[in-house]
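The structure appears right after this line, and notes come after that.
The values are calculated or read from the model by the stated rules, or taken from the named source; none is laboratory data. Please read all numbers here as calculations on a predicted model, not as lab measurements. With ideal geometry, Cβ positions are generated from the backbone for all residues, glycine too; neighbour counts draw on all protein chains shown.
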Amino acid sequence: GAGQDVGRSCILVSIAGKNVMLDCGMHMGYNDDRRFPDFSYITQNGRLTDFLDCVIISHFHLDHCGALPYFSEMVGYDGPIYMTHPTKAICPILLEDYRKITVDKKGETNFFTSQMIKDCMKKVVAVHLHQTVQVDEELEIKAYYAGHVLGAAMFQIKVGCESVVYTGDYNMTPDRHLGAAWIDKCRPDLLISESTYATTIRDSKRCRERDFLKKVHETVERGGKVLIPVFALGRAQELCILLETFWERMNLKAPIYFSTGLTEKANHYYKLFITWTNQKIRKTFVQRNMFEFKHIKAFDRAFADNPGPMVVFATPGMLHAGQSLQIFRKWAGNEKNMVIMPGYCVQGTVGHKILSGQRKLEMEGRQILEVKMQVEYMSFSAHADAKGIMQLIRQAEPRSVLLVHGEAKKMEFLKQKIEQEFHVSCYMPANGETTTVLTNPCIPVDISLGLLKRETAIGPLPDAKKPKLMHGTLLMKDNSFRLVSPEQALKELGLAEHQLRFTCRVHIQDPRKEHETGLRVYNHLKGILKDYSVQHLPDGSITVESILIQATAHSEDQGTKVLLVSWTYQDEELGSYLTSLLKKGLPQSTP
Amino acid sequence: FLQYCLSGHPTLPCNVLKFKSTTIMLDCGLDMTSTLNFLPLPLVQSPRLSKLPGWVLKDGSTFLDKELKECSGHVFVDSVPEFCLPETELLDLSTVDVILISNYHCMMALPYITEYTGFTGTVYATEPTVQIGRLLMEELVNSIERVPKAQSASMWKNKEVQRLLPAPLKDAVEVSMWRKCYTMPEVNAALSKIQLVGYSQKIELFGAVQVTPLSSGYALGSSNWIIQSHYEKVSYVSGSSLLTTHPQPMDQASLKNSDVLILTGLTQIPTANPDGMVGEFCSNLAMTVRNGGNVLVPCYPSGVIYDLLECLYQYIDSAGLSNVPFYFISPVANSSLEFSQIFAEWLCHNKQTKVYLPEPPFPHAELIQTNKLKHYPSIHGDFSNDFKQPCVVFTGHPSLRFGDVVHFMELWGKSSLNTVIFTEPDFSYLDALAPYQPLAMKCVYCPIDTRLNFIQVSKLLKEVQVMNFLLP
């Protein structure tokens, strides 16, 4: 799911032999089989538990966790499911709410039950931010703050030195109640990023907020009613804080309601998980808890018919069912009223229809609803915009990027931008498509102790903070790599050693006798190579360490002496250095 | 691998570890037992304290009578109380790369280290540790600063003079190094150097060493630390508990196969079983109140008090104490109670489950709601209007030398109906009471120390299979 689409996020990642499922969401736009991901992609007949090492849920929105009980209890999965503490707390409540709407209101059967939600949540392991969770010996995951909603997290999945980061939904600008997403420079092989607002660059938040308040204020002033469809947790709290402070400042009297049920509970979660909110709220919560609202009261269904202005927050956010849709139908006919859509609406929902300009809606039972009320759209979704997505890529420095959770056309644009700016490959697979990303895995090599001791004995003492060059023979045997000394390698492989020797002739103009030339060379080298053992042998030849130098007269020209420099392959470095040194000639003055 | 021990106090450690060319300070505890040598700081003018006679030497010379006062045969310094810092001479503390904090009690010396030694490194601690540590420091600074003392005694510290003094002053070590309390700006500066970490978070130090905090089960956010290179593993176990109280249980599995295990912060009263002590606490409290007396509980503003309140929550109705007011007085009382409710992730499983409902994890929320527990920043202001007796008062500081507790000792000390119940194990209760003698009030000692005892340690060591074991 979520391939070139928004809804039913569900991504399978195979990394170094481990299979991880990222999110398990439902699709708001469908009521048939298409509302859940197609789990037959994982396996046709075996148990899912055998194929998946773990499942990770990024946050509590239903398009990220709505299919979880279906997946774990009805399809069957018993492995670990990871999510943050707030997600674990809130997720079952939204699932139960979703179940109620589907089963109790729409009368569907063959849907997951309350007990299934409970059983499913028993499989959940809660994780802390930045905690490294060892799923098994090789697979580890780590959560980062994502901002989007309370408890939203990005996850790093790591096996050996290969890693993937999945962002879930995130927000790069702090808002009134949450902080901004943050990740360290973890350089994953692949970054899987949402791209809801791939082409949007939003104007400043302050402007949007002022606009929103102005519209609400104007409508209320002229006696109209304002409907704000929201999801119980997330934007709702953000807008409540905004209106609460505005009402207080302007001393407004019109009532603000919040549709019943979840709200009170929702605000309670915010109070208890206040460590997940932004700096300012965390700092001041002892004096004044921002989630204790003075002006916002619980909504009762009967209030919708009350005369006079009011502002109502009602769920769900896309006007596809429930209370928000009921109120919408009541108020839609009056041009004094206004509906403000504060977030993204999935195709197929009433929200999407009215936003795309449709004013005559076909409701259930072929009834036509004429929309006369004003329709406003204001992006208050806490998703990163194009700028934010680029910013996250800059922070994490991935080797490749994969876009999900967005519309194909917009993704295409962002993909080009990413490839241009970061010179990394960018993918945007559709649902059911597989993308293969090549990585450069690191391969551990064992070094033999003897060789290590021998090599560290040469040159300066080892320093933990500096790299050191070592020589040895790489043996690849039985799927393992070892670095051993050449002698040992020969012995193990049963090979005879071949000596490789380089010999080089250097011509020098020197009329003196051979042994005098030899002596000059010796003195010259002795003077320069102070750290090496330079020896003059009785037979007139010179050795520098194991390199041999002999001076002979040229067969034709007695004034030219030929210096034979000979060294083994192992002394290549010193040998070539000596040749180039001797090629420069000997100093003029003779000792 | 090198270790230096900079603190003489067994439960308030300060060690420095040199490992793989990094220098790591383990904890930063402040020994406050030095304050027991000082006179209490009364919030309200105390005629009794101001009338105490000056101390006169055997030869009759009186040059110290302004600095030293005598009370029931003990001699006290009449000055701003001072603390015994970790040893700062042994090694150059500016070379310390990082400081790892294991719990909020073990960070009280932090401002002295970060602000006065040229320290430029980073401090690592969990969020509850920092938040509650800040509250403890705030309370400390507040309770000392609100009672300005004109004189600062220094004559007695002269080595020649100190020799002539009676015990324990005579035997106090390094009195010249004792320091006055830090200030709030210093606390803020010190805390700003802390980087927050979560349990099981792997933190790389210069690519040479990796450190990881683990749950230690002793207090909110308390942690043990694993310090490891690729092939060696050092475990630092400080202030750990295997008992089930409010914090997340101790993570023992991750300590397995350590090459070295450094163990500090063991219980100081291995014979006192915490459960038994809580029971005794409740029954003594009930008895006193039933007889019309008041109960004073000197305590820190966070930690065991949460457990005590929880016990009382279950106990008061059955004991017929539902009408007795409970007061919690501290400049940080409100913050402490509020903070305790928001660290769900750091709490034991039971409390976590409550948050999922969502309900506050600690029942003191209900005690406050039903007006059974009231909290005040100090005895001044609202408290004096609401104050009803008999009552139970929780307040600091456990040393009985500063804070609101001094006032209640003076107020209630003369009546044998009242009881003071000591629950914090850090101070000897007899020493704490010395400047209040003679005392008619009943004294009960119910120390609650949930840290590891010897039996638990040997069991732990068997389970985690360490190669070397170090008890600094």
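Tabulated values for the structure
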{"quantity": "Options B:Lys193, B:Lys202; residue that is more than 25 Å from B:Ile305 (Cα to Cα) and without any contact (Cβ under 8 Å) to a residue 12 or more places away in the chain", "calculated": "B:Lys202"}
{"quantity": "Subset tally (residues that are within 34 Å of the chain's Cα centre (by Cα) and within 11 Å of another protein chain (Cβ to nearest Cβ)) for segment A:287-303", "calculated": "1"}
{"quantity": "Which numbered condition A:Gln131 misses (of (1) touching a helix residue (DSSP H, G or I) at 6+ places or on another chain (Cβ under 8 Å); (2) closer than 28 Å to A:Ile274 by Cα; (3) polar (S, T, N, Q))", "calculated": "(1)"}
{"quantity": "Given (1) more than 26 Å from B:Thr212 (Cα to Cα); (2) out of contact with any Gly (no Cβ under 8 Å at 6 or more places or on another chain); (3) surrounded by 14 or more Cβ atoms within 10 Å (Cβ to Cβ), index of the condition B:Tyr112 fails", "calculated": "(1)"}
{"quantity": "Selected residue (only one of A:Gly348, A:Gly343, A:Gly317 is touching a Pro at 6+ places or on another chain (Cβ under 7 Å), at pLDDT below 85 and in a loop (DSSP other than H, G, I, E, B))", "calculated": "A:Gly317"}
{"quantity": "Per-region count, segment B:330-346, residues more than 10 Å from chain A (Cβ to nearest Cβ) and buried (at least 24 other Cβ atoms within 10 Å of the Cβ)", "calculated": "3"}
{"quantity": "Checking A:Ile90 against (1) in contact with a strand residue (DSSP E or B) (Cβ under 8 Å, 6 or more places away or on another chain); (2) within 14 Å of another protein chain (Cβ to nearest Cβ), the condition it does not meet", "calculated": "(1)"}
{"quantity": "Count of segment A:427-463 residues which are within 20 Å of the chain's Cα centre (by Cα), part of a loop (DSSP other than H, G, I, E, B) and of a type in the set (Ser, Thr, Tyr)", "calculated": "4"}
{"quantity": "Checklist (1) touching a Ser or Thr at 6+ places or on another chain (Cβ under 9 Å); (2) crowded, with 24+ Cβ neighbours inside 10 Å applied to A:Leu68, failing item", "calculated": "(1)"}
{"quantity": "Qualifying residue in segment B:68-87 (condition: more than 25 Å from the chain's Cα centre (by Cα), under 26 Å from B:Gly239 (Cβ atoms), at pLDDT 85 or above and of a type in the set (Ser, Thr, Tyr))", "calculated": "no"}
{"quantity": "Members of segment B:234-275 that are among the charged types (D, E, K, R) and modelled with pLDDT under 90", "calculated": "none"}
{"quantity": "Extreme residue, nearest to B:Val77 (Cα to Cα), among residues of segment B:369-390 that are touching a Phe, Trp or Tyr at 6+ places or on another chain (Cβ under 9 Å) and surrounded by 17 or more Cβ atoms within 10 Å (Cβ to Cβ)", "calculated": "B:Ile379"}
{"quantity": "Whichever residue in segment B:192-214 is more than 13 Å from chain A (Cβ to nearest Cβ) and touching a helix residue (DSSP H, G or I) at 6+ places or on another chain (Cβ under 7 Å) and, among such residues, is surrounded by the most Cβ atoms within 10 Å (Cβ to Cβ)", "calculated": "B:Ile194"}
{"quantity": "Enumeration of residues in segment A:261-270 that are at the interface with chain B (Cβ under 9 Å from one of its Cβ atoms) and either within 21 Å of B:Leu196 (Cα to Cα) or over 29 Å from the mean Cα position of the chain (by Cα) (or both)", "calculated": "A:Lys265, A:His268"}
{"quantity": "Positions within segment B:231-264 being in contact with a Cys (Cβ under 8 Å, 6 or more places away or on another chain) and in a loop (DSSP other than H, G, I, E, B), in sequence order", "calculated": "B:Gly239, B:Thr244, B:Thr245, B:His246, B:Gln248, B:Pro249"}
{"quantity": "Filter pass, A:Thr517 being of a type in the set (Val, Ile, Thr), closer than 30 Å to A:Leu581 by Cα and at pLDDT below 80", "calculated": "no"}
{"quantity": "Segment B:349-376, subset part of a loop (DSSP other than H, G, I, E, B) and touching a helix residue (DSSP H, G or I) at 6+ places or on another chain (Cβ under 6 Å), residue farthest from the other protein chains (Cβ to nearest Cβ)", "calculated": "B:Pro363"}
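Here's the yes/no breakdown for (1) in contact with a Lys or Arg (Cβ under 6 Å, 6 or more places away or on another chain); (2) under 30 Å from A:Pro441 (Cα atoms); (3) within 14 Å of chain B (Cβ to nearest Cβ); (4) surrounded by 18 or more Cβ atoms within 10 Å (Cβ to Cβ):
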{"site": "A:Glu137", "(1), (2), (3), (4)": "no, yes, yes, no"}
{"site": "A:Tyr145", "(1), (2), (3), (4)": "no, yes, yes, yes"}
{"site": "A:Gly160", "(1), (2), (3), (4)": "no, yes, no, no"}
{"site": "A:Thr167", "(1), (2), (3), (4)": "no, yes, no, yes"}
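Residues checked against (1) in contact with a strand residue (DSSP E or B) (Cβ under 6 Å, 6 or more places away or on another chain); (2) modelled with pLDDT of 90 or more:
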residue	(1), (2)
A:Gln323	yes, no
A:Gly357	no, no
A:Glu364	no, no
A:Ile368	yes, no
A:Ala382	no, no
A:Ser400	yes, yes
